[in-house]
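The values are calculated or read from the model by the stated rules, or taken from the named source; none is laboratory data. Just so it is clear, the model here is predicted, and its values are computed rather than measured. Note that each Cβ is placed from the backbone with ideal geometry, even for glycine, and that neighbours are counted across all protein chains shown. Ligands, DNA and RNA are excluded from the accessible area calculation, which covers all protein heavy atoms including side chains. Shrake-Rupley method; radii C 1.70, N 1.55, O 1.52, S 1.80 Å.
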Amino acid sequence: MVDLSTIKPDEVLDCKGLSCPMPMLKTKKALQKLGSGQILEVLSTDPGSKNDIPKMCEKEGYEFLGMIEETGYTRFFIKKK
Amino acid sequence: MSFSESLKGLYQTVFKNNYSPITGGILLALFVILLEMWYRPWGIVGGLRNWGEWVLYGIGFLEEAPPHPLWFSSSVLNIGLILGAFISATLANEFGLRIPPRLEIIKAIVAGILMGIGSALAQGCNIGGFYMAIANLSASGIAMMLGLVVGVFIGVKYLLWELEHFSSSGGIEISTKKINPVLGIIALAILLYGIYAYFSSDSEEGLLLGGALLLTACIGFVMHRSRFCIVNSFREPFLSGEAEMARGVALSILIATFGILLIKMAGIREPMTYVTPTFVWGALIGGLIFGAAMVVAGGCGSGALWRVAEGQVKLMIVVIFFALTNSILRYYLDNVWEVWDKGWLGGAVFLPDYFGYGGAFILLALIIILWYLFVDWNEKSEKFVIGL
């Protein structure tokens, strides 16, 4: 298991305040731009993201590393294989 | 396992976990059928219009005062939905004021106005004009479905274009995590008091309104727990191919149609209930405009309301412009241009008049099943996916 708090993401995507489907679309687009092996951190406030992001990763073949709950937003970590 | 662990598990399942779209769809159909049996069909726009009319009355645009929001059934349905969804959001600790970046606010205003126009032409949003119209055996429901599909396609094209040309960030959430459980208990107390007040009132309608408040609170709760989203069911087949929500929506409409078929056959509701003079143009054009707009808004009529209840400021803006535009346009359509009497936007077509009750149900069931099969097939083949 990766220790999420020590991860240094290659890119941080701010989706705070956005509602469905914008966090999903922006995350997908950001992941497409990353190189393989790189890590994306997504900041989202939409409760739907907690289901949607892991599910999308599974479908599209990205590695979902986990999430950390902060006050007011959630941090999601995704690795491009 | 101890009894208290079982109790905790039950609480977790009902109040904390997300329900699957299939579970949500089945429960939604159950409450929709109960509501139509108890009192009247479910709807969203009538209540929004009532609220919009109060604003128009306040600024002097309307001369006569609209009905009181607490004694006007359409409005009570929305109050129940919002309370139920708010209770779900707060008890699961998912409520928080989410303030979007500026681009989203502009999209909310434009989409809200277009949703007001579309729902005025179709005499309903995708609940009254689509879900409930089909369930009440109206041909307009099918026409609006076709309009929605085309509209959603246009909306998806816009979103993909926006993604290439704009980026927006800088939204914030004002977290209420620490007080959410308290807010939830207060809302539950308000709901229970409201039901009690209606039930014990002297008014003839008190009993009916109290039951309607309770049932729509159940609808709002279930929709929020399952994040039940008709926009998602139309959008994702184009955007990602994902069809889980579409299967849930299709199943929900099928069950609701079956239940309301029996209600109408038994004569509990008038046959023409929720069969509006919008076949085919009002439903088709209204559906097209509404479909494109709801994708940009990120919520349809009901989806916007339960997202308002979880603190999404974007959807609050959508609902305000939706309600105002709908009430202004309906004022002109109903009273000034009198389009419904003139039949400019179509006629009222009750399918059993042409096919009998059995034939109408088989026709609608076939259309819904075909839709189910199409999105399911598309999920694997990705033939119609235009997304990223």
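Here are a few things to note about the model shown:
- By the helix-only formula, in which each DSSP H run with n ≥ 4 contributes -39500 (n - 2.57) and the sum is divided by residues, chain B has a 222 nm mean residue ellipticity of -22500 deg cm²/dmol.
- Quarter of Cα convex hull surface for region B:313-388, i.e. mean projection, nm²: 9.4 nm²
- Taking the protein heavy atoms of chain B in the context of the full set of protein chains, the accessible area attributed to carbon and sulfur is 70 percent at 1.4 Å.
- For A:LYS80, the aspartates and glutamates whose Cα falls under 14 Å of its own Cα, not counting residues fewer than eight places away in the same chain, are A:ASP10, A:GLU11, A:GLU41, A:GLU58, A:GLU60, A:GLU63.
- Each Lys or Arg adds one and each Asp or Glu subtracts one; over the other residues with Cβ under 9 Å from the Cβ of A:GLY72, this totals 0.
- Rotationally averaged projected area of the protein assembly as shown (alpha carbon convex hull; nm²): 24.2 nm²
- Counting DSSP beta bridges with both ends in chain A, the antiparallel % (nearest 5): 70 percent
- R0 of 45 Å, Cβ-Cβ distance A:LYS55-B:MET272: FRET efficiency to nearest 0.05: 0.60
- Loop-exposed GluC sites (Glu not before Pro) per DSSP, neighbour cap 16 Cβ within 10 angstrom, longest uninterrupted part of chain B: B:65-203
- Chain lengthening between B:VAL336 and B:GLU382 when straightened (0.36 nm per residue, less Cα-Cα): 11.8 nm
- Note that region B:244-253 has calculated 3J(HN,Hα) couplings of 4, 5, 4, 5, x, 5, 4, 4, 4, 5 Hz, one per residue in order, obtained from phi through the Karplus relation 6.51 cos²θ - 1.76 cosθ + 1.60 (θ = phi - 60°); glycine and proline are x.
- Between A and B, accessible area buried - total, square angstrom, nearest 100, 1.4 angstrom probe: 2400 Å²
- Euclidean distance of C-alpha centroids, region B:347-368 and region B:61-117, integer Å: 33 Å
- Neighbouring partner chain Cβ atoms per residue of B:194-202, average, 10 Å criterion: 0
- Inter-probe distance in nm under a simple model that places probes 7 Å from Cα toward Cβ, at B:THR176 and B:SER203: 2.6 nm
- Difference of contour (0.36 nm per residue) and Cα-Cα distance, B:TYR357 to B:PHE61: 102.2 nm
- Excluding exposed DSSP-loop trypsin sites (Lys or Arg not before Pro) (at most 12 other C-beta within 10 Å), longest clean stretch of chain B: B:179-382
- Just checking the listed ones, B:ALA89, B:ALA360, B:ALA108: in the Gaussian network model of chain B with Cα springs under 10 Å, the one fluctuating most is B:ALA360.
- Among the lysines of chain B, pairs that are 8 or more positions apart or on different chains and have alpha carbons within less than 21 Å of each other number 10.
- Comparing the full protein assembly with the isolated chain, the residues of region B:293-334 losing at least 40 square angstrom of accessible surface (1.4 Å probe) are B:GLN312.
- Between B:HIS165 and B:ILE369, the C-beta separation translates, for a Förster distance of 45 Å, into a calculated FRET efficiency of about 0.70.
- Between B:ILE317, B:ILE172, B:ILE113, the residue with the greatest mean-square fluctuation in the GNM of chain B (Cα pairs under 10 Å linked by springs) is B:ILE172.
- Mean-position separation - Cα centroids, region B:292-324 and region A:45-81, in angstrom: 24 Å
- For chain B: rounded, prolate or oblate by the Cα gyration tensor [a/c cutoff 1.5]: rounded
- Only beta bridges with both residues in the protein assembly as shown are counted; by DSSP, about 75 percent of them are antiparallel.
- Gaussian network model of chain B, Cα within-10 Å springs - most flexible of B:LEU209, B:LEU121, B:LEU329: B:LEU329
- Neighbourhood charge, 10 Å Cβ-Cβ cut-off, centred on A:GLN32 and excluding it, Lys, Arg +1 and Asp, Glu -1: +3
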